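Beneath this line is the structure, given in structure tokens, with notes to follow.
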Amino acid sequence: MKIDVAPSTGGAPAMPDRRRHHLRANAPVIGWLFVLLVVTVAHRWLPEQRWLLVHLLLLGAVTNAILVWSAHFTDALLRRRASAASRRWQTARAVALNVGVVATVAGMMTPTWPLVLAGAVVVGAAVAAHGTALALQARRALASRFASTIRYYVAGAWLLPVGAALGAVMANGTSDAWQARLVLAHTAANLLGFVGLTVLGTLVTLWPTMLRTRIDDAGEPASRRALWILLGSVLLVVAGALLGIRAVAVVGLLGYLAGVVLVGRPMMRVARNRAPSAFPTFSVLAGMCWLLAALVALAVIVAASGTWELVSERVPLVTVPLAAGFAAQVLLGAMTYLVPVVLGGGPAVVRATVAALERGGALRVALVNAGLVLCVLPVPSLVLVVSSFAVLIGLASFLPLLFSTIRTARRVRATPVEDRPAPLPAVPHRNRGQAMAGLAVVALAVATAVAIDPAAVGVGGASADDGVTATGQTTVVQVEARDMRFFPEGIDVPAGNALVLEVTNTDPALVHDLALDNGMTTGRLAPGESATIDVGVVGRSMDGWCTVVGHRQMGMVLTVNAIGADGVAQAGDGATDDGATDDGATDDGAHHDGATDGAGAAADLDFVRDPGADFQAPDAVLPAVGEGTVHEYTFTVSEALREVAPGVTQRLWTFNGTAPGPTLHGRIGDTFVITLVNDGTIGHSIDFHAGSLAPDGPMRTIQPGESLTYRFTATRSGIWMYHCSTMPMSAHIANGMFGAVVIDPPDLPPVDHEYVLVQSELYLGEEGGEVDVTKIAAERPDVVAFNGYANAYDHDPLMAEVGQRVRIWVLAAGPNRGTSFHVVGGQFDTVFAEGAYLLTPDNGLGGGSQVLDLGVAQGGFVELAFPEAGHYPFVNHAMVDAERGAHGMFEITGG
């Protein structure tokens, strides 16, 4: 049996109106895909990128597509022609849905929880109303053989409000333990429930139709049985997560996997009779494979993770397979098949639109899936970047092809029948050639990435054998990386023996690796991970080190002694053959261990250079206190190339793309909820001095791709430092990971202007490189700056008028130097430091102050009024630091 998915025309004259209706209904899907493309291209500048991309795809594009096409398929299965009133209600639900989606995303970005809640309520209500409408239509219609498909739609639609409610609770902030369980429950209800049930129910009939063959006789009975297994499994996962019983959640995931297999077996029998041969079926088949893989991975994650916190940190690992691999590929495959049907226009038009929309289909599928495989593997960061671009190109190409297809349909429809071109004959093996081309493109991109950074994959460097005769023996050594050391630190190997190093990172929190001077490396190892380096025959002594920034300088080094080689007298004496060791084979910058050869970027410093007419200094205005007493923020760790002085750039580690990070502002009693997301390449953490709490959990180091929630209540006033506390802390702070939290003292009087200046040091590495930790250890800063840029406010002064009161909050972030803050030509009548007033205008002594003296990590504020118009420099009065960039200007007007 075949199911006709084309809309019933009811006569030729009605077709244009019906076609326009379907195109309008799909407009939000196309719109959200376009927004997703724009945001993806610009994601380096969006701190909230991960959750934002997922929600734009799933909540925006996929949910709209489900509402449109489930209504269409319901009409087709019930052989029902939608009335004008039914269309109006469908349009109203679509409008409500998109209003809710916009509100939800805007509320999470702001963050404004009431907006998130309102959006979640509207989205849930719109989808639930859609499911209810489908259920009522099915009850009123004659019995249909494929009524079970409609039940899939209804069950999925009624699960989405559950997922939306869980998402709203997550957005409001909960304890770490509850947040971890909510992540899994939210994922199960929305992805496995709403999206998964809808897709599986649709494919029972759509898959054979796409293959242009009959539905397997066992397909419909299997789908009926599978529905209750799938629905019950989703509810088990949600219940297990909310009750905190991981075993129940695992059973639910395995049950869902069994339900997918039950639905999929008839589909595979159909595919064996008529193999996929075009982009729609290739894409849907690939999407289903990713669903199966993600389900297995999710079950293993929940079962193997010892705590719910670990589950929460690892669940995002399946986000890409489920979102891009499953949902996106099924959506684009289905739309590629359905859009030509909706456009209609007769056989010639349909053939032309199919050919236009399926161009390069096998190439695109190969790009997406080869890229996705690399994205989920532990590959070097540059390989991950090129793989991500392959996925983006493969998916995003649908949009220009869609617009081209619509133009093709119009052109062919306007061409007289006798002038329309004949259909092109099929070209054998075209799909195979395109697939091979796609794989070749990904392979070439990966090879280019490896060529740019060969040490990241253990390529390059001097040979270890040094021409020695092999003994045929192998020395196997187990190496542990922990506590900023390798154990053992020295390895004795008879010259001529082969050497195998089995390296395990036993550190509880930090990422480490081991690189040898012959270019071999383990790659980055998360806590508990292991890797093996097969060094080969050893004929010379070698050096090894951890390439994570600062770790080598803190003592994470290892020596391989080739016993019996020239200059190495005996085992265990610690001697190395300096003549045999390749002294030039040191860290070349690809390892990022923080050592700089030569002057580096410091050679380009010119403190009197003008940064240009379009220069804008970092915004020093203190942000207003947010509404309410609970303030929620997302801090995303990222690596960003930033100018720190005119013509001098460094690759900084940042919170939300800036160094210093965002300034937070609140009052005593306010609660701050910070979601820390690590989008960097090494482990990071955060420590807020403004809160008093045990550091064990919230200040722990999280690895790339992980996140945590840090909640604290401000109980004391002052300007408080926050910073990354991952070792070596000096390097993480010096490379940009710091910021300020301002908590107003009670009854703080208003002023005309309120500024924040955070002083820090820069220890410049190579131009465009990272911090030089050898300079940090020697306490030799190249730059001392306010708000991260040398002399920034000399070029873009802070403004005030004569007689206006100005409050200046100052924080000495270090990592090594304090400040003696002074305004040239000004006198302070108010001084507040470390939680106490040192001077007030009404002190009765007529006293004043000339500097605010702060040690490292101390802060306070000063107030003054400027007596006349002019330019008033402000400096760190430790003049060597002022001359290194701790200098700025007030420009006073009026009077």
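Key figures
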read-out	value
Theoretical gain in end-to-end length, SER277 to ALA778 [0.36 nm per residue, Cα-Cα removed]	173.8 nm
Under Karplus coefficients 6.51, -1.76 and 1.60, residue-wise ³J(HN,Hα) of the range 875-885 in Hz, glycine/proline x	8, 7, 6, 6, 4, 5, 6, 4, 6, 9, x
The range 775-845 shape via C-alpha gyration tensor axes, a/c threshold 1.5	oblate
Compactness of the range 691-752 - radius of gyration and Dmax, Cα, Å	14.7, 43
Selection from TYR722, LEU757, VAL802 lying farthest towards where the dipole of the range 702-802 points positive, charges on Cβ	TYR722
Spacing of the two label points (7 Å from each Cα toward its C-beta) at ARG407 and ALA603, in nm	5.1
Other-chain or far-sequence residues with amide H under 5 Å of GLY768's (modelled H)	THR649, GLN650, ARG651
Cα extents of the range 88-155 along the three principal axes, largest first (Å)	49, 23, 12
Inter-label distance, nm, simple model (7 Å from Cα along the C-beta direction), ALA869/ARG224	8.9
For the chain, with +1 on Lys and Arg beta carbons and -1 on Asp and Glu, the positive-most of LEU839, PHE326, PRO781 along the dipole	PHE326
Exposed-loop-free span, longest in the chain, where GluC sites (Glu not before Pro) count as exposed if DSSP calls them loop and at most 11 other C-beta atoms lie within 10 Å	1-626
Inter-site label distance for ASP752 and LEU641 at 7 Å from Cα along Cβ, in nm	4.3
Nearest-0.05 FRET efficiency for ALA836 and ALA92, computed from C-beta distance (R0 51 Å)	0.25
Net length gained if the chain between ASN843 and ARG359 were fully extended (0.36 nm per residue, minus Cα distance)	166.2 nm
Helix-only [θ]222 nm of the chain, DSSP H runs n ≥ 4, -39500 (n - 2.57) each, per residue, nearest 500	-13500 deg cm²/dmol
Cα-centred dipole magnitude for the range 52-158, charges only on beta-carbon of K, R (+1) and D, E (-1), debye, nearest 20	600
Calculated FRET efficiency for the pair ALA84/ALA414, C-beta based, R₀ 25 Å, to 0.05	0.30
Residue (of ALA443, VAL862, HIS186) at the positive-pole extreme of the chain, dipole from beta-carbon charges	HIS186
Accessible surface of the range 739-790 [probe 1.4 Å, protein heavy atoms]: carbon and sulfur percent	49
Size of electric dipole in the chain: Cβ of Lys, Arg +1 and of Asp, Glu -1, about Cα centre, debye, nearest 20	8380
Net +/- balance of residues flanking ALA812 in space, Cβ distance below 14 Å, scoring K and R +1, D and E -1	-3
Carbon and sulfur %, accessible surface of the range 148-231 computed with the full protein complex present, 1.4 Å	62
Where N is the number of residues in the chain, Cα Rg divided by 2.2 N^0.38 Å	1.09
Accessible surface of VAL238 - all protein chains present, 1.4 Å probe, nearest 10 Å²	20
Convex hull per residue volume in Å³, alpha carbons only, for the range 747-895	115
Per residue accessible area of the chain, 1.4 Å probe, in Å²	40
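The values are calculated or read from the model by the stated rules, or taken from the named source; none is laboratory data. Computed from a predicted model, the values in this text were never measured in an experiment. Quick reminder, even Gly has a Cβ in these numbers, built from the backbone with ideal geometry, and neighbours come from all protein chains shown. Heavy atoms of the whole protein, side chains included, go into the accessibility calculation; ligands, DNA and RNA do not. Shrake-Rupley method; radii C 1.70, N 1.55, O 1.52, S 1.80 Å.
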